[in-house]
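A short worksheet on the structure shown next.
Coordinate-derived values only; no laboratory data. Model, not experiment: these values are computed from the prediction. All Cβ positions, glycine included, derive from the backbone under ideal geometry; neighbour counts span all protein chains shown.
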Amino acid sequence: MSRALILGGAVSALVVMAALVSFVWTPFEHTAMNIPEKLQSPNSIHWFGTDHFGRDMFSMIMVGARTSIAVAFVAVGIGIGLGVPLGLWAAARHGGWADEIIMRGNDLIFAFPSLVIAILITAIFGAGAVNAIIAIGIFNIPVFARVTRGGAMPLWRREFIMAARVAGKGAMRISVEHILPNIANLLIVQATIQFSLAILAEAALSYVGLGAQPPTPSWGRMLADAQTLVSIAPHMALVPGFAIILTVLGLNLLGDGLRDALDPRLRVTRV
Amino acid sequence: MLRYALKRFLSLLVSLAIASLVIFAVIEVAPGDPASFMLGINAQDDTLAALRAELGLDQSKVQRYLGWIGGMVQGDFGTSYQYRTPVAQMIGDRLWVSLPLALYALALSTLIAFPAGIYAASRRGKVGDIGVMGATQIGVAIPNFWFAMMLVLVFAINLRWFSAGGFAGWDKGVVAAMKSLTLPAIALALPQAAILARVMRSALLDVLGEDFMRTARAKGLTRGQALRRHGLRNAMIPVLTILGLQFSFLLAGGIIIEQVFYLPGLGRLIFQSISARDLIVVESVTMLLVFAVIVVNFAVDLAYAAVDPRLRARA
């Protein structure tokens, strides 16, 4: 097992664990304000310090992990749920009108500046976690459609698929029973990458006030709160920033490690 | 080549048409009437109707769409509901901030990424390579708006080398204007540089395995010489493609960085217009950004096909 896989897996597991534990335990109530203890630097009582309302930042980070993971999980789920069937369909009808329409539609979504459109969607339909999920999820669809199609197309020329066709199986059944299991590794690796991108996107949307709304803690909004106070309480910006970096770094390393472990041929040419 | 270019151009036109429809549709379903927003809750019905007529909001959706697109083609982006000034003029003013910012960030990104990528490829598997790749992993993971805050903390608040925000304006001189764009450009450039360095390294490593590189080494060139004389030129094709795509990303991606630094660019214009329900501005700026991305992609495709005949044949 590669070092990237172990390190990435450990960091990712730590973040998921923090999010899960926050359902049953946090050092302090994450919404509890304590003005006399505001803007405290990290100390033995408040491990990550307190914010401008005296809220415990360690507790907020733990609950914020929940928001990040939930938004990213559902957004990637949308990408997989819609993108993979479209990609399988396009590969099964390679060269036909369905393939052309699906791929041109994908090109079109790729052409949109994702952040601008995500901001537009959340600003127009209302700020909040659900709209953030939809805005991020839409841009995951073409990614998974393209990866699925790219992975599935060569398989359609393989003997075992020909055998399945001779046995009378239809395109849909072959896609589900034979193609999908063979491209699962590819999709797992891509999901890890998209998950880390979704966490960054959620943080950006929350930072501009269009993601999860108060009192739901979010790492991006913690950074927005810190912006005007960064000179007197740098920990308010450092703590959520490091949480985002660590999570994204962990997921990227996990993706790299999984790619190496699942398909050693990619080791040489990886970007 | 001409056939390929024509085919791509047609595809570009279709993409632009569909993109404009999508943007118009999204804005159309937006809740809130711009006329009510402008006149407030105490506005009389006849005043509202008069303003709607003046803004063209009483026309059918098809008429409004055709009017908007027809105007844009001729350079008339309409008039801002909020400021009553031509949208084209507002966009033009803001472009003088957003465009130089994107170009500045692109230049910085290239200046960092090229040497880093070449160095990593030439030290493949060694400490230098591992160090550069580790740094790029971190660079990719850093949210640019957080990095921007850290730059402000260090270079504006503590060291006082730069201002924490705002734009000096080009009338104060190029140096002052560029100085106020420096921290935002660095913040934008870092994650892009990390991606570009990885692409550069990967492209070079791909080229290193080619026969002509082996021949160059067999002729007595050192690894570094072969890399510089033969490898680099061949590795530039994918790198330039990514560079082209990054430009459009930087133009559109600057919107959050503009918020951090209070820069009067296109990004802030979008945010201000959304909150003021100045929908004609939102529509036009979004369309302009999409146009930039689609046109840059088109140019990249053509450039790619010009240097790689296999692509033309495939098309």
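Which loop chymotrypsin sites (Phe, Trp or Tyr not before Pro) in segment B:148-204, with loop taken from DSSP, have no more than 12 other Cβ atoms within 10 angstrom of their Cβ?
Working: sites: B:155, B:161, B:162, B:167, B:170; in loops: B:161, B:162, B:167.
Listed in order of number, the matching sites are B:161.
Could you name the lysines whose alpha carbon sits less than 29 Å from that of residue B:219, not counting residues in the same chain fewer than 8 places away?
Correct list for residue B:219: B:126.
Under a Cβ-Cβ cut-off of 14 Å, what is the net charge of the residues other than residue A:247 that fall near it, where Lys and Arg count +1 and Asp and Glu count -1? Kindly include the intermediate steps, with their values, before the conclusion.
Values: positive: A:66; negative: A:202.
In short, 0.
Averaged across A:116-123, how many Cβ atoms of other chains sit within 10 Å of each residue's Cβ atom?
Details: counts 14, 8, 0, 8, 10, 1, 1, 7.
Partner Cβ neighbours, averaged per residue: 6.
Compute the Rg/Rh shape ratio of chain A: radius of gyration over Kirkwood radius, all on alpha-carbon atoms. Working shown, then result.
Numbers: Rg = 21.6 Å, Rh = 20.3 Å.
That ratio equals 1.06.
Mean shadow of segment A:136-271, computed from the convex hull of its alpha carbons, in nm²? Don't jump to the answer; show the numbers that get you there.
Details: hull surface 43.8 nm².
Its average projected convex-hull area is 10.9 nm².
Mind listing which trypsin sites (Lys or Arg not before Pro) in segment A:34-105 are in a DSSP loop and have 10 or fewer other Cβ atoms within 10 Å?
On the way: sites: A:38, A:55, A:66, A:93, A:104; in loops: A:38, A:55, A:93.
Those that pass, being in a loop and sparsely packed, number zero.
Dividing the Cα radius of gyration by the Kirkwood radius, what Rg/Rh value follows for chain B?
On the way: Rg = 23.9 Å, Rh = 22.4 Å.
Result: Rg/Rh = 1.07.
Across every pair of different alpha-carbon atoms, what Kirkwood hydrodynamic radius in Å does segment B:176-255 reach?
On the way: mean 1/r = 0.0691 Å⁻¹.
It works out to 14.5 Å.
Can you put B:7, B:179 in order, fewest other beta carbons within 10 Å first? Before the final figure, lay out the partial values.
Working: B:7 12, B:179 15.
The fewest-first ordering by Cβ neighbours comes to B:7, B:179.
Projecting each Cα onto the charge dipole of segment A:49-113 (Lys/Arg +1, Asp/Glu -1 at the beta carbon, about the Cα centre), which of A:52, A:74, A:98 comes out farthest on the positive side?
Positive-most Cα among the choices belongs to A:74.
Wrap a convex hull around the Cα atoms of segment A:9-69, take a quarter of its surface area, and give that in square nanometres. Before the final figure, lay out the partial values.
Working: hull surface 16.9 nm².
That works out to 4.2 nm², a quarter of the Cα hull's surface.
Compute the convex hull volume of the Cα atoms of segment B:13-52, divide it by the residue count, and report the result per residue in Å³ as a whole number. Let's see the in-between values first.
On the way: hull volume 2.8 nm³, N = 40.
Cα convex hull per residue, to the nearest whole number: 71 Å³.
Please work out the Cα center distance from segment B:33-47 to segment A:186-224, rounded to the nearest Å.
37
Kindly express, to the nearest 10 degrees and within the range 0 to 90, the angle between helix A:97-111's C-alpha long axis and the longest C-alpha principal axis of chain A.
Roughly 30 degrees between the two axes.
Rounded to two decimals, what is the ratio between the C-alpha radius of gyration of segment B:106-258 and 2.2 N^0.38 Å?
Numbers: Rg = 18.3 Å, N = 153, 2.2 N^0.38 = 14.9 Å.
Against the empirical 2.2 N^0.38 Å value, I get 1.23 for segment B:106-258.
Counting only Cα atoms, I'd like the Rg/Rh figure for segment B:1-120, Kirkwood definition for Rh. Walk me through the intermediate numbers first.
Details: Rg = 21.0 Å, Rh = 18.3 Å.
Ratio value, two decimals: 1.15.
Can you tell me the convex hull volume per residue for segment A:44-152, based on C-alpha atoms, in Å³ to the nearest whole number?
Values: hull volume 13.1 nm³, N = 109.
Once divided by residue count, the hull of segment A:44-152 is 120 Å³.
Taking θ = phi - 60°, what integer Hz values does the Karplus form 6.51 cos²θ - 1.76 cosθ + 1.60 yield along segment B:192-201, in sequence order, with x for Gly and Pro?
For segment B:192-201, the Karplus curve yields 5, 4, 4, 5, 5, 4, 5, 5, 4, 4 Hz.
Go from 0 up to the bin containing the longest alpha carbon distance in the protein assembly as shown, width 10 Å each, and give me the % of pairs per bin.
Cα pair-distance distribution for the protein assembly as shown, in percent: 3, 14, 24, 27, 19, 9, 3, 0, 0.
Please arrange A:30, A:94 by counting, for each residue, the other beta carbons lying within 10 Å of its beta carbon, fewest first. Display every interim value, and only then the final one.
On the way: A:30 21, A:94 15.
In order of increasing Cβ crowding within 10 Å: A:94, A:30.
Among B:284, B:275, rank each residue by its count of other Cβ atoms within 10 Å, from fewest to most, as a rough exposure measure.
Fewest-to-most ranking of B:284, B:275: B:275, B:284.
For residue B:7, go through the aspartates and glutamates and keep the ones whose alpha-carbon is under 18 Å away, minus same-chain ones fewer than eight residues off.
In chain and number order, the partners are A:99, A:100, A:107, B:301, B:308.
Which whole number gives the average count of other chain Cβ atoms within 10 Å of the Cβ atoms across peptide A:104-114? Intermediate results must be reported in sequence, preceding the final value.
Details: counts 4, 1, 0, 5, 9, 2, 5, 14, 10, 11, 4.
That works out to 6 on average.
Please state, as a whole number in µm²/s, the translational diffusion coefficient that the Stokes-Einstein equation yields for segment A:49-107 at 10 °C and 1.306 mPa s, with Rh defined as the Kirkwood radius across alpha carbon pairs. Walk me through the numbers before you get to the answer.
Values: Rh = 14.5 Å.
It diffuses with D of about 110 µm²/s by this estimate.
Counting each pair of different Cα atoms once, what's the Kirkwood radius of segment A:152-205 in Å, rounded to one decimal? If you can, show how the numbers build up before the last one.
Working: mean 1/r = 0.0770 Å⁻¹.
Hydrodynamic radius (Kirkwood, Cα pairs) of segment A:152-205 is 13.0 Å.
Take every residue in peptide B:49-56, count the Cβ atoms of other chains within 10 Å of its Cβ, and give the average of those counts. The partial results should precede the final answer.
Numbers: counts 0, 0, 0, 0, 0, 0, 0, 0.
The shielding value for this peptide is 0.
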